[in-house]
């Protein structure tokens with residue numbers, strides 16, 4: 001049995017059509033859908049109809065599906081996601097909302113080898129980002145393979161008798177051949193970004209002949225051996241699949257400012273917002289950089305402590321603290337912040353209290 005796995009379509013009919021074009025029906029036998037058909041995107045009804053027409057063997061719900069049909073109110077969402085859920089609820093017909101309400105909760109057993117879930121087999125809304133979460137998920141799973149979505153990241157976690165690995169295609173500790181060596185200045189122990197130029201619909205070209213593109217960082221590598229015109233590199237971090245033809249850019253570790261000696265108290269009454277993740281991602285976790293809509297004009301300085309939080313009960317309930325962060329670089333109107341530790345996925349739109 002060959003399965004086509006769909007997850008986190010988020011009402012993006014163009015992306016779904018592109019996937020179906022790349023995976024025509026003769027390539028698979030049945031479809032498995034891991035939730036979040038809707039949310040964020042502008043075509044929720046079209047996506048639901050297209051998915052139903054595929055006659056999936058199994059479709060389970062995601063957190064955005066629950067918010068869009070009224071099972072949950074989206075109060076735990078970031079600002080952007082909450083507005084999207086409210087808009088989606090109004091845009092859907094009663095029939096489409098009822099379809100989402102009837103979607104079963106994961107995990108769901110597919111066969112003797114496979115089960116599916118949206119977030120994790122122990123909690124349908126939990127994000128699996130690291131080895132600790134993945135180990136818990138593997139302990140909770142009832143089948144050898146558990147397929148999950150929710151994080152929007154392509155990753156595989158596996159447990160061997162003596163090791164536990166989390167990897168992407170060409171992932172950590174994989175080795176690559178580089179078509180440059182000592183003759184081109186490549187040295188053992190140097191580190192490089194792995195990058196490629198990608199089409200970017202958010203960038204406005206300067207003219208008809210100027211492509212709309214940006215630079216995508218797929219990961220970084222460390223040189224472990226170098227000869228005259230070639231070298232061997234080991235992947236130290238993969239943000240995405242590292243592909244043949246990607247180019248290298250020398251990595252110079254930035255100077256991270258020392259944290260403020262007195263962390264102060266978070267000012268929840270005058271928060272900022274996270275407006276952008278690294279590489280335009282919509283979420284982050286510990287170690288990631290994100291952009292805050294506050295800068296030196298608002299009194300921020302490098303090394304200042306921050307608390308990322310969400311309100312509950314439409315602003316009348318207790319504050320839910322999501323993460324701790326530090327200001328790394330300051331501009332007049334914006335700042336780059338580093339997520340130091342988090343208890344949940346940090347999303348674009350989350351509130352940020354500045355420690356004073």
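Each value in this text was obtained by applying a stated rule to the coordinates, not by laboratory testing. Please read all numbers here as calculations on a predicted model, not as lab measurements. Heads up, the Cβs are rebuilt from the backbone with ideal geometry, glycines too, and the neighbour counts pull from every protein chain shown.
For a paramagnetic label modelled on residue 93 (point 7 Å from Cα along Cα→Cβ), amide N atoms under 14 Å away belong, within the range 1-44, to 44. Note that the chain, at 4 °C in a medium of 1.567 mPa s, gets a Stokes-Einstein diffusion coefficient of 57 µm²/s from its Kirkwood radius over C-alpha pairs. Annotation for the range 291-330 versus the range 223-244: alpha-carbon center distance of 37 Å. Here the label points at residue 49 and residue 139, each 7 Å from Cα along the C-beta direction, are separated by 4.7 nm in the simple model. Placing a label point 7 Å from the Cα of residue 83 along the Cα-to-Cβ direction, no residue of the range 1-21 has a backbone N closer than 12 Å.
For the peptides 29-38, 92-101, 322-331, the ranking by packing is 29-38, 322-331, 92-101, with the highest mean count of neighbouring Cβ atoms within 10 Å listed first. Sorting 28, 220 by the number of Cβ atoms found within 10 Å of their own Cβ, with the fewest placed first, yields 28, 220.
Report the calculated FRET efficiency for residue 113 and residue 25 (r = Cβ-Cβ distance, R0 = 35 Å), to the nearest 0.05. The value I calculate is 0.95. Here is the P(r) of the range 293-335: all C-alpha pair distances, binned every 5 Å from 0, give 7, 21, 22, 16, 16, 14, 5 in whole percents. Computed on the chain, with alpha-carbon pairs under 8 angstrom and 6+ residues apart, the relative contact order is 11 percent. Please identify which residues in the range 309-332 have an amide N closer than 17 Å to a label point set 7 Å out from the Cα of residue 343, following the Cα→Cβ vector. Inside the label zone: 309-313, 317-325. Under the simplified labelling scheme, the residue 286-residue 57 pair shows an inter-label distance of 3.7 nm, with each label point 7 Å from Cα along Cα→Cβ. At an R0 of 45 angstrom, the distance between the Cβ atoms of residue 5 and residue 195 translates into a FRET efficiency of 0.95. The relative contact order of the range 3-166, computed from alpha carbon pairs under 8 Å that lie at least 6 residues apart in sequence, is 19 percent. Build a GNM of the chain with springs between Cα atoms under 10 Å: which of 125, 229, 14 gets the top mean-square fluctuation? The residue that fluctuates most here is 229.
Counting beta carbons within 10 Å around each of 174, 21, 130 and listing the fewest first gives the order 21, 130, 174.
Overall shape: oblate for the range 43-148, with the ratio a/c of the largest to smallest alpha carbon gyration tensor axis at 1.5 or above and b/c at least equal to a/b. The simple Förster model, with R0 at 25 Å and r as the Cβ-Cβ distance, assigns residue 243 and residue 297 a FRET efficiency of 0.05.
Using only the Cα atoms of the range 266-355, build the gyration tensor, take square roots of its eigenvalues as a ≥ b ≥ c, and label the shape rounded, prolate or oblate: rounded if a/c is under 1.5, else prolate if a/b is larger than b/c, else oblate. Note, shape of the range 266-355 comes out oblate.
Distance between the pseudo-spin-label points of residue 230 and residue 251 (7 Å out from Cα toward the beta carbon): 2.3 nm.
Cβ crowding within 10 Å ranks 316, 88, 59 as 316, 59, 88, fewest other Cβ atoms first.
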